[in-house]
1. Set the Förster distance to 35 Å, then compute FRET efficiency between Lys154 and Glu272 from the Cβ-Cβ distance, nearest 0.05.
2. Each residue of segment 215-226 in order: what ³J(HN,Hα) in whole Hz does its phi give by Karplus 6.51 cos²θ - 1.76 cosθ + 1.60, θ = phi - 60°, with x for Gly and Pro?
3. How do Tyr68, Tyr251 stack up against each other in accessible area, from largest to smallest, with a 1.4 angstrom probe?
4. Quick one: which residues, 5+ away or cross-chain, put their amide H under 5 Å from the amide H of Ala92? H built at 1.01 Å from N.
5. Once you order the gyration tensor axes a ≥ b ≥ c over the Cα atoms, which shape class does segment 59-202 get: rounded for a/c under 1.5, otherwise prolate or oblate by comparing a/b with b/c?
6. Pop a pseudo-label 7 angstrom from the Cα along the beta-carbon direction at both Glu420 and Phe341 and give the gap in nm to one decimal.
7. Roughly how many Å² is the accessible area per residue of segment 150-202, as a whole number, for a 1.4 Å probe?
8. What distance in nm separates the simple spin-label points at Ala491 and Glu46, each placed 7 Å from Cα in the Cβ direction?
Amino acid sequence: MNPIVVNLLTELNQSIKNRNAYASIDGYFYQFELTLLHILLDQSSEDPFGDQFQGVTSHYKIEQIEDYTKVFENSGVNYIRLAQVKHHNKYAGNAEYLEALLWLYYSFLRFENKDPNLKTKYYIFHHDKSPLKNTEIVLKEAFEKNEKETDPEKQHSVYHRILELNTDSPQMRTKFIGQAKFVKTQSLLDVTTEIKSRLFSAYGSAQYNPDFLYAAALSKIINDGRAGNPTGLQQLSNFFSVNPIIDPKFYLLKILQLIDRSLDEYIDQMSEPNPLFPDTFVDPIVINDYKQIAKKIHDFFEKHFDDPRKRTSFLLSISDFRNLAQTTTLNAEYEEFCKHFIHIRAFVFKLAKILYAYEKNAGSIANLDDWFDFTENCWLFKHPHEQRKQGVILADPQQSLDAIKTIGMLRTRLSTVEDEDHIPNVWYWGNIAQLRASYMIPYKLNITKVPVQQWALSTCEPDFYFTVQCLNCLNLGDASSVDHVANIFKANCMMG
């Protein structure tokens, strides 16, 4: 790589290194997967930047300056391509991209007039449900937003950097617009599918199927990015020419992706109008609060999912899982998590709302490490306001084909635990139709928040009991409603 280009890239990367950060795991994987796909298309007729120089090999640096930087040389001319990769599952208006485009403009100003033999391009590759963006319009809105804002703290930090360079002008903006571009991209699923197909066409064999190639290539790209190593098509070919391996941590990231996907779904639901009340919207402040809650939940799972025993206990915890497979590899474990995504999703939805309600009602910050004890059989949930003992957050009854059998299986497994302190007394589950206490369920069953006369609870009087919380007061459908959430932690909460 040309020393002049190396120095330019290093200098610019040092100036903005503190702004680089990963978002959700979906966004994280999308960044690396799209980068991998672009490497596979490098210098071909499908090159995303339109580069088609025969015999030229590009070098990619991930998380250098932008999400990735592509560099190559041809006939004495140096080429730099800066790429931002954005992934949204919903509509994303111009406002979502103002800061991103300003950062690209800042890089343009830093590069401009540094080397007469340097040619640059600045692209934002984005997947969302909005139309293709117009670079000129978005750049204009970005400057107008910052110019109208009187509080410097509310202006974009990069806006101040641009002003400090003292090189911004209408002419420079016009020149930048000629080199910058928004490019609509495929969904994460479509990108994954195309990567597998292209990898198998290039490197596939009886030994290396598309799933293996995908996992091996992506784990290599992620590791190269973390280590700051340049990568590209040649490095990928060299990797597959010997015995390629999959970093075990790759599948742990894929498991965490399921947690983040659940969190993203819950937050995305808040951004969509309620079909029953189309004119009502969740306050953006509430949505932002939930984003902070989501980060807290993500960090909690990331911390504890390093322990394989806790991962297994979690799966056992959220439902009965009578057919839970015995896994010996992280790949097989990931597949098991995928099978039970709907239960994971239900757990995450409930925990997010409980956490949000606690911090709003109690006016204090929760520490999830104080809320859970990890046992062999389940994740015991110990809410600070619970009036009984400890509980367990389960998936929804509607997700069980037979709620009666499910509760029987859960009762059998959990009631055989020898340590009484490890038996959940409260099951945060939901409404269960047609359930009656019986000799088949040798706890003293107490279903709360239902008409008392409807339930016959005198058929057995064992030493231990469990309470099934209906969770109506949790009101998952209304993200901002917290007035009645405290009811689910009360003993004998009848009709809340």
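The values are calculated or read from the model by the stated rules, or taken from the named source; none is laboratory data. On a predicted model such as this, the values are computed, not experimentally measured, just so you know. Every residue, glycine among them, receives a Cβ derived from its backbone with ideal geometry; neighbour counts consider all protein chains shown. The protein model used for the area step is the full one, side chains on, heavy atoms only, and it has no ligands, DNA or RNA in it. Shrake-Rupley method; radii C 1.70, N 1.55, O 1.52, S 1.80 Å.
1. Values: r = 27 Å, r/R0 = 0.77.
So, using R0 = 35 Å, E works out to roughly 0.85.
2. Here the 3J(HN,Hα) series is 5, 5, 5, 5, 5, 5, 4, 4, 5, 4, x, 5 Hz.
3. Values: Tyr68 0, Tyr251 30 Å².
Reading off the accessible areas and sorting them downward yields Tyr251, Tyr68.
4. Lys129, Ser130
5. oblate
6. 4.3
7. Numbers: 3260 Å² over 53 residues.
About 62 Å² of surface per residue is accessible.
8. 6.5
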